[in-house]
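Take a look at the structure set out below.
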Amino acid sequence: GIHLLYCVCVSGTNLQALMEQAKRTSSSAEIVVVISNQPGVLGLKRASLSGIQTRVVDHKLYGSRAEFDSTIDHVLEEFDVEVVCLAGFMRILTGSFVRKWNGKLLNIHPSLLPSFKGVNAQKQALQAGARVTGCTVHFVAEEVDAGAIIAQEAVPVLMNDTEESLSDRIREAEHRAFPAALELVAGGGVRLGDDGRVIWNPNAQG
Ligand code: 3YE
């Protein structure tokens, strides 16, 4: 089963794209639970409407990152989760959590990594005068936005772009790149090697 760790900030549109992909008969993925660190967000509603189980693990109720991550870990174990997609999830995960789930955690970032790491990637691209940016799906390493790259889609920066118009264009690319990357991992087309680099399997389905 595939699991999705969702958060506030965004409206859950990446989650929606992943749910639609997983519903296809050709998909290797099944979304078994959606976890949010923010109660009441639209992503939880979207999951419930699709008949997917939801859990809220509110980071504000935990005294430390370790306790928060360990609670998420327990939910993932409860649901026998094999792959975790961070879709709008904005918390930095602890080293021990990342090590335990190494090769099973996917994150999406709104730039062509390794350019424009961190928050406000779209603003960084505009300020740098980049003419092309995009999105990246990567395996999560302890260092934020530094893990091995699974999929990328380039997006042009247009002359009159604002942070909002550029973000909208990148988000559309995310809705293609994230389901594609999930399918690659769930279908065995790609995995994380012991050296932290991606290993491609040309014989995988899909
Ligand atoms: N954790 C590790 N490595 C990664 N989490 C994400 C990706 C990723 C990861 O590659 N170890 C910015 C987080 C950046 C930040 O400072 N967040 C705050 C909370 C802000 C909030 O709640 O809105 C914090 O204290 O964690 C997922 C994407 C992380 C984005």
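Brief remarks follow.
- Filter result (over 26 Å from Gly196 (Cβ atoms) and in contact with a Ser or Thr (Cβ under 7 Å, 6 or more places away or on another chain)) within the stretch 126-162: Val155, Val157
- Yes/no for Phe116 being under 12 Å from the mean Cα position of the chain (by Cα) and part of a loop (DSSP other than H, G, I, E, B): no
- Which numbered condition Leu93 fails, given (1) free of Cβ contacts under 8 Å to residues at least 12 places away in the same chain; (2) assigned to a loop (DSSP other than H, G, I, E, B): (1)
- Scanning the stretch 88-113 for residues that are modelled with pLDDT under 95 and either over 14 Å from the mean Cα position of the chain (by Cα) or over 23 Å from Gly196 (Cα atoms) (or both) yields a single hit, Gly88.
- Here Ala177 qualifies as aliphatic (A, V, I, L, M) and at pLDDT 95 or above.
Let's see how each residue does on (1) surrounded by fewer than 22 Cβ atoms within 10 Å (Cβ to Cβ); (2) of a type in the set (Ser, Thr, Tyr); (3) away from the ligand (no atom under 13 Å from the Cβ):
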| site | (1), (2), (3) |
| --- | --- |
| Asp80 | yes, no, yes |
| Asn107 | no, no, no |
| Leu112 | yes, no, yes |
| Ala121 | no, no, no |
| Ala128 | yes, no, yes |
| Thr136 | no, yes, no |
| Glu153 | yes, no, yes |
| Ser165 | yes, yes, yes |
| Arg169 | yes, no, yes |
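- Hey, Ala181 surrounded by fewer than 19 Cβ atoms within 10 Å (Cβ to Cβ) and either of a type outside the set (Lys, Arg) or under 14 Å from the mean Cα position of the chain (by Cα) (or both) or not: no
- For the stretch 57-72, the set of residues classified as in a helix (DSSP H, G or I), in contact (Cβ under 8 Å) with a residue 12 or more places away in the chain and within 14 Å of the ligand (Cβ to nearest atom) consists of His59, Arg65, Ala66, Phe68, Asp69, Ile72, listed by residue number.
- Screening the stretch 138-151 for residues that are touching a residue at least 40 places away in the same chain (Cβ under 8 Å) and not in a loop (DSSP other than H, G, I, E, B) and picking the one that is nearest to the ligand (Cβ to nearest atom) gives Phe139.
- In the condition set (1) away from the ligand (no atom under 16 Å from the Cβ); (2) surrounded by 21 or more Cβ atoms within 10 Å (Cβ to Cβ), Glu30 is compliant with all but (2).
- Subset of the stretch 155-206 (residues that are of a type outside the set (Phe, Trp, Tyr), in a strand (DSSP E or B) and more than 30 Å from Lys123 (Cα to Cα)): Val190, Arg191, Leu192, Ile199
- Filter result (surrounded by fewer than 18 Cβ atoms within 10 Å (Cβ to Cβ) and more than 10 Å from the ligand (Cβ to nearest atom)) within the stretch 82-98: Glu82, Ser96
- In the stretch 121-141, residue nearest to Asn14 (Cα to Cα) [restricted to those that are under 16 Å from the mean Cα position of the chain (by Cα) and not hydrophobic (A, V, I, L, M, F, W, C)]: Thr136
- Glu174 being more than 24 Å from Ile92 (Cα to Cα) and either of a type in the set (A, V, I, L, M, F, W, C) or buried (at least 17 other Cβ atoms within 10 Å of the Cβ) (or both): no
The values are calculated or read from the model by the stated rules, or taken from the named source; none is laboratory data. Being a predicted model, the structure only gives us computed values, none of them experimental. Here the Cβ is made from the backbone with ideal geometry for all residues, glycine too, and neighbour counts use every protein chain on show.
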